[in-house]
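Engineer: My questions will all concern the structure given below.
Each value in this text was obtained by applying a stated rule to the coordinates, not by laboratory testing. A quick note: this is a predicted structure, and the numbers were derived from the prediction, not measured. Virtual Cβ from ideal backbone geometry, glycine too; neighbours counted across all protein chains shown.
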Amino acid sequence: GQWTLIDTQSWLKDLSSKLPKGVQFWKGIWPDYKTMTAETGLYKPADANCCPTGGKVLIHLGLEGHKIVLKNVAIEPATEHTGR
């Protein structure tokens, strides 16, 4: 019956290490804690801030102790028309 602090940030460092060379996530990622999923566009170095062209990453999270952890990462390649 009391509030507990949860580490909701350290999984982002783990995510960076799982991405292919040459792509990054630049914007904040807003997980859906009800489904423990998230997704975000992937940016290449020459991309404009508005327009990621490196595809997207689909993320599955979990709760271990008092920490949100990365469970699974799937990279979805960019489509010709949108880059995402």
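Engineer: Karplus couplings for segment 35-49 from phi (6.51 cos²θ - 1.76 cosθ + 1.60, θ = phi - 60°), rounded to Hz, Gly and Pro as x?
Structural biologist: Whole-Hz 3J(HN,Hα) from phi for segment 35-49: 9, 6, 10, 7, 8, 7, x, 10, 9, 9, x, 8, 5, 6, 4.
Engineer: Continuing with the same structure: Collect residues whose amide H, placed 1.01 Å from N in the peptide plane, falls under 5 Å from the amide H of residue 69; neighbours closer than 5 in sequence don't count.
Structural biologist: Residues meeting the criterion, in which the H sits 1.01 Å from N, are 62, 63, 64.
Engineer: What is the Å³ per residue value for the convex hull set by the Cα atoms of the chain?
Structural biologist: Numbers: hull volume 8.5 nm³, N = 84.
Once divided by residue count, the hull of the chain is 101 Å³.
Engineer: Residue separation times 0.36 nm, minus the C-alpha to C-alpha distance between residue 63 and residue 35: what's the value?
Structural biologist: Details: separation 28, 0.36 × 28 = 10.08 nm, distance 1.16 nm.
Extra length available between residue 63 and residue 35 comes to 8.9 nm.
Engineer: As a check on your grasp of the helix formula, calculate [θ] at 222 nm for the chain: sum -39500 (n - 2.57) over DSSP H runs of n ≥ 4, divide by the residue count, round to the nearest 500. Mind showing how you got there, number by number?
Structural biologist: On the way: 1 runs with 8 residues, N = 84.
Helix contribution divided over all residues of the chain: -2500 deg cm²/dmol.
Engineer: Looking at the chain, which longest stretch skips every one of the chymotrypsin sites (Phe, Trp or Tyr not before Pro) that is in a DSSP loop with at most 15 other Cβ atoms within 10 Å, leaving the sites themselves out? Numbers along the way, then the final one.
Structural biologist: Working: sites that count: 3, 26, 33.
Maximal segment without exposed cleavage sites: 34-84.
Engineer: At a Cα cut-off below 19 Å, give the lysines reachable from residue 34, other chains included and same-chain residues fewer than 8 away excluded.
Structural biologist: Leaving aside lysines fewer than 8 places away in the same chain, those within reach of residue 34 are 67, 71.
Engineer: Also: Could you size up the charge dipole of the chain around its Cα centre, putting +1 on the beta carbon of Lys and Arg and -1 on that of Asp and Glu, and report it in debye to the nearest 20?
Structural biologist: Numbers: 10 positive and 8 negative charges, 24 e Å.
For this selection, approximately 120 debye.
Engineer: Quickly work out the residue 49-to-residue 17 label distance, labels modelled 7 Å from Cα along the C-beta direction, and quote it in nm with one decimal.
Structural biologist: The answer from the label model is 3.0 nm.
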